[in-house]
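Accompanying notes for the structure given below.
Read-outs: derived from the displayed coordinates by stated rules, not from any lab. All of these numbers come straight from a predicted model, not from anything done at the bench. Every residue, glycine among them, receives a Cβ derived from its backbone with ideal geometry; neighbour counts consider all protein chains shown.
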Amino acid sequence: MSRSQKIRDDSLALGVAELKGVAVPVRALRGATRLELDDATEMTAAVEELVTQMLQRNGLTSESLISMIFTSTPDLVCMFPAAAARGLGLGDVPLICAQEIAVPGALSRVVRVLAHVELDLAREQIQHVYLRGAEVLRQDLAQ
């Protein structure tokens with residue numbers, strides 16, 4: 001292995017991506033929101049609000065997004081949360097959806113997101129966003 005390959009591998013292991021030869025810090029940003037009903041209009045509004053708040057509170061633009069993973073509880077089947085996020089012009093950002101595990105007693109009608117972003121902040125400075133009653137999921141992180 002060459003010295004430059006070793007440095008690159010070490011940087012990636014430390015959470016730093018390389019973009020055209022420039023090191024870019026990569027962080028994970030969490031968020032969640034809760035819907036009143038399993039309704040496509042409400043899903044769109046809630047997801048757009050969540051993603052917008054995640055970006056705004058962390059001083060980011062869509063250009064900072066690397067990828068986003070959305071999950072929803074099993075009781076939400078009206079649409080894919082990623083489809084709602086596409087309405088914000090995220091057509092070039094890789095998005096994917098998955099279903100949460102059906103844990104008895106878990107909070108219902110919740111959409112969660114894990115965003116990988118280019119962000120030069122320490123972990124403790126990141127503003128995770130929990131809205132519409134989802135704050136109870138992570139009171140230690142909710143702002």
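If you take the beta carbon distance between A98 and Q56 as r and set R0 to 22 Å, what does 1/(1 + (r/R0)^6) give as a FRET efficiency, to the nearest 0.05?
0.30
Under the Kirkwood approximation applied to all pairs of distinct alpha-carbon atoms, what is the hydrodynamic radius of the range 72-143 in Å?
Across the range 72-143, the inverse of the average 1/r is 14.2 Å.
So how do 103-109, 37-43 stack up, highest first, on mean other-Cβ count within 10 Å?
Per-residue Cβ counts within 10 Å, averaged per peptide and sorted highest first, yield 37-43, 103-109.
Under a point-charge model restricted to the Cβ atoms of Lys and Arg (+1) and Asp and Glu (-1), what is the dipole moment magnitude of the range 27-137 relative to its Cα centre, in debye to the nearest 20?
So the dipole magnitude of the range 27-137 works out to roughly 240 debye.
Quote the FRET efficiency, to the nearest 0.05, computed for V24 versus S108 with a Förster distance R0 of 22 Å and r equal to the Cβ-Cβ distance.
The computed FRET efficiency comes out at 0.05.
Could you pull out every residue, at least 5 positions away or on a different chain, whose amide H is within less than 5 Å of the one on V129? Hs are placed 1.01 Å off N in the peptide plane, and Pro or chain starts have none.
Residues meeting the amide H criterion: R30, G31, A32.
P(r) of the range 27-137 in 5 Å steps, Cα pairs, percent per bin?
2, 13, 25, 26, 18, 11, 4, 1
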